[in-house]
Amino acid sequence: MPTLETERLTLRKFSAEDWKDLYEYLSQDKVVQYEPYDAFSEEECHEEAKKRAKQDFFWAVCLKENQKVIGNLYFQQQEPKEFLTWEISYVFNPLYCGKGYATESCREILNYGFDKLGAHRIVARCNPPNTSSWKLLERIHMRREGYLLKNKYLKVNGRGKPIWSDTYEYGILRDEWLRIK
Ligand SMILES: CC(C)(COP(=O)(O)OP(=O)(O)OC[C@H]1O[C@@H](n2cnc3c(N)ncnc32)[C@H](O)[C@@H]1OP(=O)(O)O)[C@@H](O)C(=O)NCCC(=O)NCCS
């Protein structure tokens, strides 16, 4: 997994020392409300940083000026591999939202996926009420391809019953990326 650079950011593999920066945002309920997990404790962030340091699909997004981890991208090839499709998602520290950092890092990873990994297609999924997420996907020129109704649940209610939620599906093809690049 290489280290990538943009104007303001470094995108790199996680290291175990990143747990504190991770804790700053993964410990917040509002940050993880659309994720399939609950807010993390300090101990869980220690474990998570160690785990991510061994994986090649989580990218730590750092400010170039001080190397602080301000968010993360997930970018993983989907099965079957011969379809050359990668999925992207992201979680950022709210202190660093509204400055275009997520957009800048996602553009770079799309570039990396198409140019270096030979991706044919990159996809993303998000919850319709998560406006900042689908606005981000549209800023990086991904197209809304599907609106799935009550197709999944991430959490259960107090009685253990599924809280069903909808999904927007987004995609972008290599040809589309080359046209807008
Ligand atoms: C989804 C998420 C990453 C979006 O963050 P974001 O701050 O809206 O995205 P960016 O960092 O690209 O910033 C874009 C905003 O900054 C503004 N901005 C300021 N300077 C900018 C610049 N140089 N370039 C682009 N946008 C800029 C944009 O206008 C935009 O504001 P707007 O939404 O009011 O129009 C963030 O809300 C998040 O982490 N949410 C929690 C996790 C989550 O839900 N993940 C998605 C699961 S599917």
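The values are calculated or read from the model by the stated rules, or taken from the named source; none is laboratory data. This structure is a prediction, so every number in the text was calculated from the model and none was measured. Virtual Cβ from ideal backbone geometry, glycine too; neighbours counted across all protein chains shown.
Points to keep in mind about this one:
- Within the range 115-131, the residues that satisfy the criterion of being within 21 Å of ILE180 (Cα to Cα) and either away from the ligand (no atom under 16 Å from the Cβ) or of a type in the set (Lys, Arg) (or both) are ASP115, LYS116, LEU117, GLY118, ALA119, HIS120, ARG121.
- Evaluation of TRP134 against the conditions (1) away from the ligand (no atom under 12 Å from the Cβ); (2) of a type in the set (Phe, Trp, Tyr); (3) surrounded by 13 or more Cβ atoms within 10 Å (Cβ to Cβ) shows that the sole unmet condition is (1).
- Selected residue [away from the ligand (no atom under 14 Å from the Cβ) and hydroxyl-bearing (Ser, Thr, Tyr)] from TYR96, TYR112, TYR101: TYR112
- Residue within the range 85-101 that is within 22 Å of ILE70 (Cα to Cα) and either among the polar types (S, T, N, Q) or touching a Pro at 6+ places or on another chain (Cβ under 8 Å) (or both) present: yes
- Neighbours by Cβ (under 6 Å, 6+ apart or cross-chain): first from the range 42-56, over 15 Å from TYR25 (Cα atoms); second in a loop (DSSP other than H, G, I, E, B): ARG52/PHE14; ALA53/PHE14; ALA53/SER15; ASP56/MET1
- Residues (touching a residue at least 24 places away in the same chain (Cβ under 8 Å) and either over 19 Å from PRO2 (Cβ atoms) or not in a loop (DSSP other than H, G, I, E, B) (or both)) located in the range 66-76: LYS68, VAL69, ILE70, GLY71, ASN72, LEU73, PHE75
- Selection from the range 156-181 of residues that are part of a strand (DSSP E or B) and among the aliphatic types (A, V, I, L, M): VAL156, ILE163, ILE172, LEU173
- Just one of the listed residues (ALA16, ALA60, ALA39) is closer than 21 Å to CYS106 by Cβ, aliphatic (A, V, I, L, M) and either out of contact with any Cys (no Cβ under 9 Å at 6 or more places or on another chain) or at pLDDT below 95 (or both), and it is ALA60.
- Answer from TYR153, TYR90 - the residue that is near the ligand (Cβ under 10 Å from one of its atoms) and either closer than 26 Å to GLN28 by Cα or assigned to a loop (DSSP other than H, G, I, E, B) (or both): TYR90
- Selection of the range 97-131 for residues being surrounded by 13 or more Cβ atoms within 10 Å (Cβ to Cβ) and hydroxyl-bearing (Ser, Thr, Tyr) yields TYR101, THR103, SER105, TYR112.
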